[in-house]
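Undergrad: One structure, pasted below without further comment.
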Amino acid sequence: MAQEPLLAKDIDRLINQPPRVQRLRRAIFAAADGLRPVVDLSRVYVDGLDNLPSDGRFVLVGNHTSAGWPEIVMSPYFVHRHLGVRVRGLAVNKVKELTGFRRDLAEALGAVPGQPDVGAELMERGETLLVFPGGGRDMLKFKGEEYRLMWQGRSGFARLAIAHEYPIVPVGLVGGDDVFRGLVERNGTWERLTRPLGERLHGLAGVGVPLMRGMGPTLLPRPQRMYLRFGQPISTTRPARARADKWEISVKQRTQTELEAILDDLQGLRTDDPFRNLNPLAWGAALQPS
């Protein structure tokens, strides 16, 4: 089903945020800056910041994890910390249904409805964007699907970037799929039986309810160090002789391939890192970017 374009007044609100949203945004950024020493204590492994175009005119394309929050929080945080720019995340369309403080908070954090007209308007204004092509499916991981991209052939992000000649920066995060462990496999008995319930809970047709565990048999999150890498920018400028449809597929595939390579490499680094489980005794021996 085609998405209904946002009304002009809704797009204007995203660009020219109400004063209360602006105040909330300033408070959030001030709090983030104040928490810098705390963030540094967790020794997030982050590299590739020098790959970010200094003008802030690029779109980050990342992987969702079953933990959900690390990639959503850390990618914008470190971009802002390095470049001083705000990252606008193309989120689920339910964002536009929020009201009151929840809507103000989402907008202050940079979340906007993941629609082409919204992305196009932000790109016209040179803003930094963040996209997770897998959407909710990338979060709903089953046993053995850790760090697997589930983009289901989606290439809308590539089409949008090409239309505005926006470079794509793949950004991979490892650690978020280790906070919880999947207990059941996709297409197994449990997953198939829970598909009707899953559709009501998370809104995705044909996807059941994952069973997860954290520390021991509980749902308490397992302490995990996070590993974040920003890859080399991918040019989206279409060659003169390239067909538009084939170029879109090419850009999408290159982005996916490079992001998968980042995830594979970070998983390898994590394996040999004594601080990967945030053991305080290994803090001084934590693996550092070269």
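Condition check ((1) aromatic (Phe, Trp, Tyr); (2) under 23 Å from GLU185 (Cβ atoms); (3) assigned to a loop (DSSP other than H, G, I, E, B)) across all residues:
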| position | (1), (2), (3) |
| --- | --- |
| MET215 | no, yes, yes |
| LEU219 | no, yes, yes |
| PRO223 | no, no, yes |
| PRO239 | no, no, yes |
| TRP247 | yes, no, no |
| LYS252 | no, no, no |
| GLU258 | no, no, no |
| ARG276 | no, no, yes |
| TRP283 | yes, no, no |
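Undergrad: Quick check on the stretch 260-274: of everything there that is part of a helix (DSSP H, G or I) and either among the hydroxyl-bearing types (Ser, Thr, Tyr) or touching a Leu at 6+ places or on another chain (Cβ under 7 Å) (or both), which residue is farthest from VAL38 (Cα to Cα)?
TA: GLU260
Undergrad: For the stretch 110-126, give me the residue count where each residue is in contact with a Pro (Cβ under 8 Å, 6 or more places away or on another chain) and assigned to a loop (DSSP other than H, G, I, E, B).
TA: Adding up the residues that qualify gives 2.
Undergrad: Is there a residue being within 20 Å of the chain's Cα centre (by Cα) and in a loop (DSSP other than H, G, I, E, B) anywhere in the stretch 190-207?
TA: Within the stretch 190-207 (the criterion being within 20 Å of the chain's Cα centre (by Cα) and in a loop (DSSP other than H, G, I, E, B)), the answer is yes, since at least one residue qualifies.
Undergrad: Hey, could you check the stretch 251-290 for residues that are over 21 Å from the mean Cα position of the chain (by Cα) and of a type in the set (S, T, N, Q) and say which is surrounded by the fewest Cβ atoms within 10 Å (Cβ to Cβ)?
TA: SER290
Undergrad: Step by step: first the residues of the stretch 134-148, then only those that are among the charged types (D, E, K, R) and crowded, with 22+ Cβ neighbours inside 10 Å, then the one that is farthest from GLY188 (Cα to Cα). Which residue is that?
TA: For the stretch 134-148, the residue satisfying everything is ASP138.
Undergrad: With the requirement that a residue be more than 30 Å from PRO223 (Cα to Cα), touching an Asp or Glu at 6+ places or on another chain (Cβ under 7 Å) and not charged (D, E, K, R), what does the stretch 130-163 give you?
TA: SER155, ALA158, ILE162
We did not get these values from a lab; they are worked out from the coordinates using the rules stated. Bear in mind the structure is a predicted one, so any value in this text is a computation, not a measurement. FYI the Cβ positions are ideal-geometry reconstructions off the backbone, even for glycines, and counts take in every protein chain you see.
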